[in-house]
Amino acid sequence: MTFDYSILDDTERITFALRELYLSRGYSRYKMSKFEEYDLYARHKDFLVSDAVITFTDTNGKLLALKPDVTLSIIKNNQDEPEGVRKLCYNENVYRVSKGTNSFKELMQMGLECMGAVDGACISEVLQLAAETLKVLSTSFVLEVSDLDILSAFTEDLTEDSAEMSGILRCIQEKNFHGLTELLEKNGTSREKTDALIAVLRTAGSPEEVLPKLETLCAGVPRAAEAVERLEEALGVFWGTPFLPSVEIDLSSAADMNYYNGVVFRGYIDGVPESVLSGGQYDVLMRKMGRKSGAIGFAVYLDLLERITLPEE
């Protein structure tokens with residue numbers, strides 16, 4: 001008997017299509033418990049989308065939580081493999097405060113994680129799968145890529161005050177370059193350093209246009225120059241493919257450097273005003289959790305796709 005896919009709704013069809021995509025690329029399905037010990041999330045609240053967590057007391061007295069995040073659970077429940085590479089994909093429900101209702105909601109989330117000896121080929125593969133994922137969701141999409149190693153090379157010496165750095169990163173994320181200039185003037189940053197940072201942040205657009213400019217702007221900053229080379233290598237997977245016009249570089253698209261490093265990215269599709277996919281390298285989080293391995297992955301937020309129709313084959 002042949003299965004009739006026409007009986008599925010759009011979310012189910014998307015789920016099947018993405019699962020088939022990930023499995024075809026060597027990712028193994030990973031299933032986890034609905035809850036974890038609350039302490040796991042309490043120690044990494046800043047990593048979560050929201051620090052609001054549903055908790056309850058187990059029969060043995062332990063405080064448990066309905067999982068608000070998948071990545072933390074995968075790291076906790078998998079052995080460190082710094083010499084090999086483990087590729088996992090998942091389709092899980094998470095429990096967090098919904099932006100639309102400001103109340104707790106059970107949300108379906110899909111994604112994948114590549115953990116272990118993560119190299120340039122692994123990063124390229126994950127970026128490619130992110131683009132292929134977005135194509136499953138919509139015929140019109142943008143994969144926005146940034147690199148925190150470039151950004152940190154220009155911001156690491158600006159201030160040692162965590163509150164000031166938070167303000168600087170907030171201005172960067174909001175593309176508030178006027179406010180950024182004022183903050184840097186107040187803390188005594190030289191005009192030369194300020195102009196260099198803003199020049200890098202303003203360099204956004206297609207890889208063909210942006211990468212040569214970044215090579216020039218970062219030539220005098222060794223750490224940044226090395227990161228540009230790695231970014232160019234990672235994005236090489238898109239050269240000569242139909243995906244290239246949908247890829248953009250925007251270094252102001254920053255993530256929390258307390259957990260992320262290197263390449264980070266977000267995915268956008270027509271009809272949804274916020275990113276439906278986000279991910280990146282999170283070696284820093286791995287270190288915080290006692291792991292020596294590298295890691296990169298992304299999540300797709302299926303609750304944002306209720307009004308999206310799967311493109312026709």
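Derivation of every value follows stated rules applied to the coordinates shown; laboratory data play no part. Treat the numbers as computed from the prediction; the structure is a model and nothing was measured. Heads up, the Cβs are rebuilt from the backbone with ideal geometry, glycines too, and the neighbour counts pull from every protein chain shown.
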Sole exception among (1) of a type outside the set (Phe, Trp, Tyr); (2) surrounded by fewer than 17 Cβ atoms within 10 Å (Cβ to Cβ); (3) at negative phi; (4) in contact (Cβ under 8 Å) with a residue 12 or more places away in the chain for Ala255, by number:
(2)
I'm trying to understand the selection: among the residues of segment 227-247, which are in contact with a helix residue (DSSP H, G or I) (Cβ under 8 Å, 6 or more places away or on another chain) and acidic (Asp, Glu)?
Glu232, Glu233
Could you list all residues from segment 35-46 that are more than 20 Å from Val284 (Cβ to Cβ) and either among the aromatic types (Phe, Trp, Tyr) or touching a residue at least 60 places away in the same chain (Cβ under 8 Å) (or both)?
Phe35, Tyr38
Applying the selection to segment 13-61, what residues are among the charged types (D, E, K, R), more than 20 Å from the chain's Cα centre (by Cα), surrounded by 14 or more Cβ atoms within 10 Å (Cβ to Cβ) and more than 19 Å from Arg96 (Cβ to Cβ)?
Arg13
Of all residues in segment 141-189, how many are farther than 23 Å from Leu231 by Cβ, buried (at least 19 other Cβ atoms within 10 Å of the Cβ) and touching a Cys at 6+ places or on another chain (Cβ under 7 Å)?
1
In segment 162-194, the residues that are of a type in the set (D, E, K, R) and either over 25 Å from Gly262 (Cβ atoms) or touching a residue at least 24 places away in the same chain (Cβ under 8 Å) (or both):
Lys175, Glu182, Glu185, Lys186, Arg191, Glu192, Lys193
Looking at Leu143, Leu107, Leu88, Leu112, which one is over 15 Å from Val276 (Cα atoms) and either among the polar types (S, T, N, Q) or in a strand (DSSP E or B) (or both)?
Leu88
Inside segment 256-275, can you point out the residues that are more than 17 Å from Arg287 (Cα to Cα), in contact with a Ser or Thr (Cβ under 8 Å, 6 or more places away or on another chain) and either in a loop (DSSP other than H, G, I, E, B) or charged (D, E, K, R) (or both)?
Arg266, Asp270, Gly271
Selection count, segment 199-210, where residues are part of a helix (DSSP H, G or I) and surrounded by fewer than 17 Cβ atoms within 10 Å (Cβ to Cβ):
4
